[in-house]
Ligand code: 3PY
Ligand code: MG
């Protein structure tokens, strides 16, 4: 059986770096699986990607030895069930603002007794190169459960959220967090309210022995966030890389 080595890395206190796949084509996920990123998050929140494209992407990423994650559109039993049952190794849940939001995530993502995930399917077991019975017996030790902290309310409730058993990591969404604080959405700023929120989340994650994560715009920021104590770091996205490289390629002296 394949192991979720991103979850293992985080549990060992190491840093794991990945990116976001927003372009709705499994070939993009397959190509990025040949880069040094540990994990790829298939974006279902802000992209046109369908469940079918996501499932094909999870299969290709897993077959190429990387860890497929899914960011779901909204915290719901249906969304969590479908991405895990079609073979994602973990779920990234946006807008987790309260303890009951976090409890609902764990209930949907973990099999009993830790949660109440429904039994069924075959694709999850295939991606882990095992049979369903083994998957059902071991999935709670493999599935990475990530809650996003991306509102002022979530920062206020961060201890209530991160103390829920069954959560592996939190992940700051800096754009939504800036917006929620009344600021212009960006990956990073020096605004005191943003800096204070980031520090509060990082400290709470340490207290509750949960890995802290954040989305950044470039490798330099990834290095700084890692040095600060962030372990789960997303660098930009497929579309960002494409547009950045395309715009750079058009800087030609004619
Ligand atoms: C945000 O910045 O709000 C995000 O969700 C990044 O993933
Ligand atoms: Mg967000």
Starting from the range 164-184, take each residue that is in contact (Cβ under 8 Å) with a residue 60 or more places away in the chain and list its partners that are part of a loop (DSSP other than H, G, I, E, B) and within 12 Å of ligand 1 (Cβ to nearest atom), counting only C-beta distances under 6 angstrom and pairs at least six apart or across chains. 173/150; 176/150
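Residue by residue, here is whether (1) in contact (Cβ under 8 Å) with a residue 12 or more places away in the chain; (2) within 16 Å of ligand 1 (Cβ to nearest atom); (3) over 17 Å from the mean Cα position of the chain (by Cα); (4) within 22 Å of residue 7 (Cα to Cα) holds:
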site: 203; (1), (2), (3), (4): no, no, yes, yes
site: 210; (1), (2), (3), (4): yes, no, no, yes
site: 214; (1), (2), (3), (4): yes, yes, no, yes
site: 219; (1), (2), (3), (4): yes, no, yes, yes
site: 235; (1), (2), (3), (4): yes, yes, no, yes
site: 246; (1), (2), (3), (4): no, no, yes, no
Of the residues in the range 113-134 that are free of Cβ contacts under 8 Å to residues at least 60 places away in the same chain, within 25 Å of residue 64 (Cβ to Cβ) and outside any loop (DSSP other than H, G, I, E, B), the one that is nearest to ligand 1 (Cβ to nearest atom) is 124
Evaluate the following for residue 36: is it away from ligand 1 (no atom under 16 Å from the Cβ), assigned to a strand (DSSP E or B) and under 21 Å from residue 6 (Cα atoms)? no
State all residues of the range 190-238 that are surrounded by 18 or more Cβ atoms within 10 Å (Cβ to Cβ) and assigned to a loop (DSSP other than H, G, I, E, B); if no residue qualifies, say none. 210, 230, 231
Taking the residues in the range 61-78 that are assigned to a helix (DSSP H, G or I) and touching a strand residue (DSSP E or B) at 6+ places or on another chain (Cβ under 8 Å) as candidates, determine which candidate is surrounded by the fewest Cβ atoms within 10 Å (Cβ to Cβ). 62
Among the residues of the range 151-161, is there at least one that is over 30 Å from residue 114 (Cα atoms) and within 13 Å of ligand 2 (Cβ to nearest atom)? no
Can you tell me which residue among 166, 90, 121, 115 is within 16 Å of residue 215 (Cβ to Cβ) and either under 18 Å from the mean Cα position of the chain (by Cα) or more than 16 Å from ligand 2 (Cβ to nearest atom) (or both)? 90
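Bear in mind that the values in this text are calculations on the coordinates, not laboratory data. Given the structure is predicted, the values throughout are model-derived calculations rather than measurements. Glycine gets a Cβ as well: all are built from the backbone with ideal geometry, and neighbour counts include every protein chain shown.
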